[in-house]
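The next block holds one structure in the form of structure tokens; read it before the comments.
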Amino acid sequence: MKKLSILILAGIFMIGAAMTFADEQRGTAAQAKLMVEKAVEYVQANGKDKAVAEFNNPQGRFVKGDLYIYAWDLKGIVLAHPTNPRTVGKNNMNVPDEDGKFFRKEAIEMAKTKGAGWVDYKYMNPRTHKVEQKTISSIQLI
């Protein structure tokens, strides 16, 4: 049990909007917040390993339209990413967004100091190849 507590303490869970859908199909801030809350409940009820597996599932319960849950640890290593699995295991903490913003560092620091928060950034949409606004909600689970 102690090992599981340490692993959960190291977890930050993010929700990202892929922004690949028409505006009317895009998730809302309220939907994003609800998905984050459900993800936190899922981790608490099922443990980190099962949660990470579910977060990595592109057809899982935590992928809805352009909203999805992904996870980093507090060092910035990707634990789960249902839409970009090749990033799992990588540390992209020092990779800035399109404007040079180190949003991952900001999100991790926010989770460490405030427990939760939202961070905006810009990211190249892999489907449209256009730079678009994204938002992530970071929550540190203890």
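Does any residue in segment 17-42 that is modelled with pLDDT under 80 come within less than 9 Å, Cβ to Cβ, of a residue that is among the β-branched types (Val, Ile, Thr) and buried (at least 18 other Cβ atoms within 10 Å of the Cβ) six or more places away or on a different chain, and which pairs are these?
The qualifying pairs are Ala17/Ile136; Gly27/Ile15.
Is one or more of the residues making up segment 118-141 of a type in the set (Asp, Glu), at negative phi and either part of a loop (DSSP other than H, G, I, E, B) or in contact with a His (Cβ under 7 Å, 6 or more places away or on another chain) (or both)?
no
Specify which of the listed residues (Glu41, Glu106) is assigned to a helix (DSSP H, G or I), of a type outside the set (Val, Ile, Thr) and either surrounded by 13 or more Cβ atoms within 10 Å (Cβ to Cβ) or within 13 Å of the chain's Cα centre (by Cα) (or both).
Going through Glu41, Glu106 in turn, just one is assigned to a helix (DSSP H, G or I), of a type outside the set (Val, Ile, Thr) and either surrounded by 13 or more Cβ atoms within 10 Å (Cβ to Cβ) or within 13 Å of the chain's Cα centre (by Cα) (or both): Glu106.
For residues in segment 55-67 being at pLDDT 90 or above and either over 13 Å from the mean Cα position of the chain (by Cα) or part of a loop (DSSP other than H, G, I, E, B) (or both), which is surrounded by the most Cβ atoms within 10 Å (Cβ to Cβ)?
Across segment 55-67, the extreme among qualifying residues is Phe62.
The values are calculated or read from the model by the stated rules, or taken from the named source; none is laboratory data. Being a predicted model, the structure only gives us computed values, none of them experimental. So basically every Cβ, Gly included, is an ideal-geometry build from the backbone, and we count neighbours across all protein chains shown.
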